[in-house]
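Shown next, in structure tokens, is the structure this report addresses.
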2 protein chains.
Amino acid sequence: MAGHGGDIYRRAMDLGISPEEIIDFSSNINLLGPPESLKGILNGSFGLIKNYPDPEYSELRKSLAHFNRTEPLNIIPGNGATELIHLVPRALKPARALIVAPTFSEYAKALSQAGTESEHFMLREEDNFRIDIDSLIREMDRGYRFMIICNPNNPTGNFIGLPEIERIAARARELDITVMVDESFIEFMDNWRESTSALLAEKYPNLIVLRSMTKFFAIPGLRLGYLISHDRGMIKKIISMKEPWTVNIFADLSAGLLLNEANYIKESVLALNREREILCSELGRIKGIKFFHPEANFILIKILTGMTSAALKEKLLGHRILIRDASNFRYLDSSFVRIAVRRRDDNMALVAAMGKCLG
Amino acid sequence: MAGHGGDIYRRAMDLGISPEEIIDFSSNINLLGPPESLKGILNGSFGLIKNYPDPEYSELRKSLAHFNRTEPLNIIPGNGATELIHLVPRALKPARALIVAPTFSEYAKALSQAGTESEHFMLREEDNFRIDIDSLIREMDRGYRFMIICNPNNPTGNFIGLPEIERIAARARELDITVMVDESFIEFMDNWRESTSALLAEKYPNLIVLRSMTKFFAIPGLRLGYLISHDRGMIKKIISMKEPWTVNIFADLSAGLLLNEANYIKESVLALNREREILCSELGRIKGIKFFHPEANFILIKILTGMTSAALKEKLLGHRILIRDASNFRYLDSSFVRIAVRRRDDNMALVAAMGKCLG
């Protein structure tokens, strides 16, 4: 059950401290934390815990649809985006899939468990992990039925713009390929409403757009994600394979409130922009690393000194700082780590500690 | 996503009232509701919502193991028992399975989605749905690799004692059949600690015991279940197919508290015994129905007047009472309904309304 970021529990146990004493740069959560108003919703919902969640999640789908200016029937909610990453391949059973990588490892796991054979399309370090669309479009000819693109991409932080996504979607439609675009981090971008693949979902019913509430609203403990598709036949197929009641009643009831937090949403993007700029500028002064300019709330870093990612991670744990050793991402190696952008003082503590560890 | 009890949402919408205005006899929840102390845990946990749940669920497994006097490594927690009902067949991929029925319909759905061919062993109404063990043991010879028994059984309310379960487990071991015993309702029984199949799990590693926190602790909105098995190889296989973070942080943190609520646990069983006896005695006076004596917190009722289960359900909705139309259980028909045992005043309201509807 391990292998991802955010595992503060085992690390805290190893150190003999409580999980809250660790500054966690390994999971990519909104630096503001969840909006305080959520607390009221959760406290007020205790009386409803004795009810099953609505098996149709009607109100939840309405809230998610409204936020995304689409219809509730185009939405499937999930127990985090993770449920949907696993459910979609299981429902569609594609024979062969293409994953743009390095990327979130759960895609390959989900496809393999669904019995799908998957290939990886490599993003090259020499291109700063930017995608070569022409080359991807050529690769798509090779008999795939399914593709996964994480956008912005975890862990590289790159974003593929809408014109490029449309080229991919159009070619995929010709080739009968379903394209799942995981936009778990997109709300961190200033202009996401103009650049989300959801804008193409009506024109390209072969598009599935995946979203997470976890990262932007800082609620990984609550578990809520969703997908958007305009292909009602596909929606029906996916729902027919879905387990009942996977979204708990607190997650169900919270979505409406969270999506209406206009100020929190605006302030989150501003705060990220501000802190990311300062953090990048500070990272730029550390000798012995380079970083890849991110469009999301995390930063991929390459260690140039020869120190391994595992060694740096261990050293930083001595400072009670947890980073993500990125060496287990396909096409990365033990020179890569990933960090989240956090609040100013945490970021400064990381910069100071990294300077010491590497210097 | 529908077809089970507890769907008060659509019914309330149809009636133009709020879900809380419906007396829900369709979902089988502890009549006391959840312990009040749970509210404190939930309110106090808000600060942890910004963390992912522990991917290993170490503390949760420790609590569940302690309650069941076994080892944490013998436990897998799930997003309700439902996650595990689906996960186990997906992980073990048995070619052919036997389901003792009528029973919870999710088993057949889970097996079918896992690609398992399944047969049903029929419990006969003329036997009051009691199991004929000799006949079941003979049936087991016919090439099965997996069996599911719900015990106490939903919707019939019957319980199979430990000696009979051991006969089944022993024969299954000889035949290389994994037996999953779903004990989602067992804690409602006085003597469950002496009659749980978990007592056999060490001797019979081909046994999987499934439990739910949903029913006994009245927390269907929270989503928590687990399984117990002493076959570490099988546990590993199941975990390898498990999606990460399926149990939300509130469910994770609540288990320890709930399982330590000794007074609540005792009082729940006493209250059920008392109210069930009174309700059964009142039901006995209603002409035009018979009921099957239950060992759990719900009662299967047969309508003898010719009125259909759907018609009775609709009529009772006029009294803002929701019952479970049991006609869609395999081997039952439109003369069957199922009701939960609730608090005295609710039960009396049901009895009065049923008398009117049928009389």
- Subset of the range B:8-52 that is touching a Pro at 6+ places or on another chain (Cβ under 6 Å) and not in a loop (DSSP other than H, G, I, E, B) - its residue that is nearest to B:Asn260 (Cα to Cα): B:Ile8
- Task: Kindly establish whether B:Arg223 is within 28 Å of B:Ile76 (Cα to Cα), in the same structural domain as B:Pro89 (by TED's automatic domain parsing) and surrounded by fewer than 16 Cβ atoms within 10 Å (Cβ to Cβ).
- Result: no
- Which one of these does B:Gly284 not meet: (1) in a helix (DSSP H, G or I); (2) closer than 18 Å to B:Ser27 by Cβ? (2)
- Message: Take the residues in the range A:34-45 that are crowded, with 16+ Cβ neighbours inside 10 Å and modelled with pLDDT of 90 or more; name whichever of them is nearest to the other protein chains (Cβ to nearest Cβ).
- Response: A:Pro34
- Flagged in the range A:80-106 as in contact with an Asp or Glu (Cβ under 8 Å, 6 or more places away or on another chain), at the interface with chain B (Cβ under 10 Å from one of its Cβ atoms) and under 25 Å from B:Ile219 (Cβ atoms), in numbering order, are A:Thr82, A:Glu83, A:His86
- Item | Pick from the range A:295-351, criterion more than 27 Å from A:Gly16 (Cα to Cα) and of a type in the set (D, E, K, R), ranking: nearest to the chain's Cα centre (by Cα) | A:Glu295
- Note on the structure: Within the range A:52-69, the count of residues that are at the interface with chain B (Cβ under 7 Å from one of its Cβ atoms) and surrounded by fewer than 20 Cβ atoms within 10 Å (Cβ to Cβ) comes to 3
- Item | the range B:266-287, subset within 22 Å of B:Met307 (Cβ to Cβ) and at pLDDT 95 or above, residue surrounded by the fewest Cβ atoms within 10 Å (Cβ to Cβ) | B:Arg285
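Hey, among B:Ile219, B:Ile208, which residue is in contact (Cβ under 8 Å) with a residue 24 or more places away in the chain, within 14 Å of chain A (Cβ to nearest Cβ), of a type outside the set (Ser, Thr, Tyr) and outside any helix (DSSP H, G or I)?
Going through B:Ile219, B:Ile208 in turn, just one is in contact (Cβ under 8 Å) with a residue 24 or more places away in the chain, within 14 Å of chain A (Cβ to nearest Cβ), of a type outside the set (Ser, Thr, Tyr) and outside any helix (DSSP H, G or I): B:Ile219.
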- Single unsatisfied condition, A:Ile148 versus (1) over 22 Å from A:Lys109 (Cβ atoms); (2) touching a helix residue (DSSP H, G or I) at 6+ places or on another chain (Cβ under 8 Å); (3) not charged (D, E, K, R): (1)
- Query: Does A:Ile49 satisfy the condition of being in contact with a strand residue (DSSP E or B) (Cβ under 8 Å, 6 or more places away or on another chain), more than 23 Å from A:Ile265 (Cα to Cα), among the β-branched types (Val, Ile, Thr) and at the interface with another protein chain (Cβ under 7 Å from one of its Cβ atoms)?
  - Reply: no
- Message: Quick check on B:Gly115: is it at positive phi, within 14 Å of another protein chain (Cβ to nearest Cβ) and touching a residue at least 24 places away in the same chain (Cβ under 8 Å)?
- Response: no
- Which of the residues that make up the range B:241-262 are in a helix (DSSP H, G or I), within 20 Å of B:Ala81 (Cβ to Cβ) and not charged (D, E, K, R)? B:Ile249, B:Phe250, B:Ala251, B:Leu253, B:Ser254, B:Ala255, B:Gly256, B:Leu257, B:Leu258, B:Leu259
- Item | Failed criterion for B:Tyr264 (all others in (1) within 12 Å of chain A (Cβ to nearest Cβ); (2) under 28 Å from B:Arg342 (Cα atoms) hold) | (1)
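Rundown of residues vs (1) at pLDDT below 95; (2) of a type in the set (S, T, N, Q); (3) within 15 Å of A:Leu31 (Cα to Cα); (4) not in a helix (DSSP H, G or I), yes/no style:
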position	(1), (2), (3), (4)
A:Tyr264	no, no, yes, no
A:Ala311	no, no, no, no
A:Ser334	no, yes, no, yes
A:Val337	no, no, no, yes
A:Asp346	no, no, yes, no
- For the range A:95-103, does any single residue satisfy the condition of being at pLDDT 95 or above, in contact with a Gly (Cβ under 8 Å, 6 or more places away or on another chain) and outside any loop (DSSP other than H, G, I, E, B)? yes
- Message: Restricting to the range A:237-256, name every residue that is within 15 Å of A:Ser58 (Cα to Cα), away from every other protein chain (no Cβ under 11 Å) and surrounded by fewer than 21 Cβ atoms within 10 Å (Cβ to Cβ).
- Response: A:Gly256
- Message: Can you tell me how many residues within the range B:107-137 are in a helix (DSSP H, G or I), among the acidic types (Asp, Glu) and within 24 Å of B:Ala170 (Cα to Cα)?
- Response: 1
- Those residues of the range A:57-81 which are closer than 22 Å to A:Gly5 by Cβ and either in contact with a strand residue (DSSP E or B) (Cβ under 7 Å, 6 or more places away or on another chain) or not assigned by TED's automatic domain parsing to the domain that holds A:Met122 (or both) amount to A:Gly78, A:Gly80, A:Ala81
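The values are calculated or read from the model by the stated rules, or taken from the named source; none is laboratory data. Computed from a prediction, not measured in an experiment: that's the story for all the values here. Reconstructed Cβ throughout: ideal geometry from the backbone, glycine too, with neighbour counts over all protein chains shown.
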